[in-house]
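Heads up: the structure comes next, in structure tokens.
Derivation of every value follows stated rules applied to the coordinates shown; laboratory data play no part. Please read all numbers here as calculations on a predicted model, not as lab measurements. Virtual Cβ from ideal backbone geometry, glycine too; neighbours counted across all protein chains shown.
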Amino acid sequence: MDPLTHALSGMLTGQAAGRARPGPKAPPLRVRGWVGCWAALFPDIDGVLRLVDELHYLEFHRGLTHSFVMLPLWALLVGGLFHLLYRRRYDLRWMVAIAGLGIAIHILGDVITAYGTAVFAPLSDHSPAPGWVLVIDPWVTLLLVAGLAATWYWRHPSIAMAGMGVVCAFVLLQGGLNRMAATLGEQRAVATGDVAVEVRALAQPFSPFNRMVIVEINGDYERARVNLLRRRTPGVDTDHWRLWQLYRSYRPVHDPGWERFSLRPDAPEQRVIVDDAWNSAALGPYRAFAHHPVFYRLDRNSDATCAWFTDLRYWYDPLPAPFRFGGCRNAPDDDWRLYELRLDGSRSAAGRCESAR
């Protein structure tokens with residue numbers, strides 16, 4: 001989730017811990033809230049990986065700092081720091097416990113998104129990614145704000161506990177909506193007569209009822225973007241701004257408008273080049289990151305050939321696709337080099353940025 005939502009969830013969780021009238025060494029409601037808030041921001045300290053490059057960040061983000069295995073160590077570290085910042089006024093055990101709750105709620109908040117969180121690192125790289133909620137989910141954020149406002153007004157941890165209960169109920173509701181949308185994908189796999197390797201539903205912008213359904217069939221993908229409540233198919237409107245077009249792209253369940261995507265281009269003469277780029281050693285890190293990789297485009301000119309790919313789970317067209325990576329080479333006998341295609345049309349590699357022609 002985004003930093004604001006993490007901070008709010010940590011603050012509400014911290015306020016829910018303890019009693020309304022704490023003992024002499026127990027932190028009061030306000031202090032518990034601030035410790036939980038900052039502790040909930042701690043796991044994203046791995047954002048410093050972006051100083052190396054974007055792909056290192058994508059590959060290792062939500063790793064050790066997002067692990068339940070490492071949680072006791074991080075709780076002791078963060079709680080001990082706040083114990084010192086508050087000049088040992090409060091019991092160290094309280095500070096460590098609240099810090100642990102803040103870090104734990106951060107991890108849980110990330111687990112329910114589509115990104116993937118290595119909750120057992122370094123023992124395992126298993127990274128659950130159910131995609132129940134968006135990385136930026138304004139509905140969750142608003143519920144957290146409401147819970148904090150009510151807690152501030154009544155000044156009682158039971159109100160904070162009730163607020164967290166409402167947030168958890170909303171998340172579980174989204175999990176149920178995800179299951180309903182996945183059923184549509186399973187029906188599509190049966191209708192095609194092929195064996196689906198994976199059927200997946202993911203949260204989408206604007207509404208909890210908007211879902212993206214991805215069905216992997218024979219190495220290709222079919223995608224539908226649906227609104228579980230919509231009854232009429234919206235007309236195509238390309239004259240308005242892109243967010244409005246995206247809003248109208250979600251169709252009713254009875255008319256999902258399946259689209260096909262592939263890791264290989266349709267043109268046979270391009271497939272050899274694209275296959276060679278995708279299977280090259282240079283693209284190994286991106287292959288490890290992308291859950292649903294698809295071919296984006298092929299750029300060929302007198303200076304370089306670049307085969308670009310993106311991850312279907314983040315492609316909210318007509319918005320530009322993020323996380324576009326690919327291989328570039330200057331001549332057919334050169335080795336492929338890993339590049340990122342940025343939104344401004346430039347490509348970058350190893351900290352350098354040059355125009356993509």
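Of Met11, Met164, Met212, the sequence from fewest to most neighbouring Cβ atoms within 10 angstrom is Met164, Met212, Met11. With coordinates expressed along the principal axes, the C-alpha atoms belonging to region 3-129 extend over 48, 26, 25 Å, beginning with the largest.
Relative contact order for region 295-338: 33 percent, from Cα pairs under 8 Å spaced at least 6 residues apart, divided by residue count. The equivalent ellipsoid that matches the C-alpha gyration tensor of region 180-261 spans semi-axes of 23, 13, 11 angstrom, in descending order. Normalised by the number of residues in region 212-331, the average gap of Cα pairs under 8 Å and 6 or more apart makes the relative contact order 20 percent. If you run the Gaussian network model on the chain, springs between alpha carbon atoms under 10 Å, then out of His83, His61, His126 the most flexible one is His126. In the chain, helices alone account for a calculated mean residue ellipticity at 222 nm of -13000 deg cm²/dmol, with every DSSP H run of four or more residues adding -39,500 (n - 2.57).
At q = 0.17 Å⁻¹, what is the base-10 log of I(q)/I(0) for region 199-357 according to the Debye formula with one equal point scatterer per Cα and no solvent? Please give it to two decimals. These q points yield log10 I(q)/I(0) values of -1.03. Considering only Ala118, Ala307, Ala26, the mean-square fluctuation computed in a Gaussian network model of the chain, springs between alpha carbons under 10 angstrom, is largest for Ala26.
Could you tally the net charge around Leu343, taking each other residue with its Cβ under 13 Å from the Cβ of Leu343, Lys/Arg +1 and Asp/Glu -1? Once all neighbours under 13 Å are counted, the net charge is +1.
When the chain is treated as a GNM with alpha-carbon contacts under 10 Å, the residue of Trp336, Trp154, Trp258 showing the greatest mean-square fluctuation is Trp154. In the neighborhood of Gly219, defined by Cβ-to-Cβ distances under 15 Å, what is the net charge if each Lys or Arg adds +1 and each Asp or Glu adds -1? Result for the neighbourhood of Gly219: -2. Packing here is the average count of other Cβ atoms within 10 Å per residue, and on that basis the peptides 85-96, 221-232, highest first, run 221-232, 85-96. Going by Cα centres, region 263-300 and region 164-184 are how many Å apart? After rounding, the separation between the Cα centres reads 34 Å. For the chain, averaging the sequence separation of C-alpha pairs within contact (under 8 Å, six or more residues apart) and dividing by the residue count gives a relative contact order of 11 percent. Here region 268-355 was treated as a single set of alpha-carbon atoms; its pair distances binned every 5 Å from 0 give 3, 14, 27, 26, 19, 8, 1, 0 percent.
Segment Trp241..Ser262, full-extension length gain: 4.8 nm, with 0.36 nm per residue of separation and the alpha-carbon distance subtracted. Listed by number, the DSSP H helices of the chain that run 27 Å or longer by alpha-carbon position along their axis and have mean Kyte hydropathy of at least 0.5 are 92-111, 157-192.
Comparing Cα centroids, region 110-128 and region 239-257 end up 31 angstrom apart.
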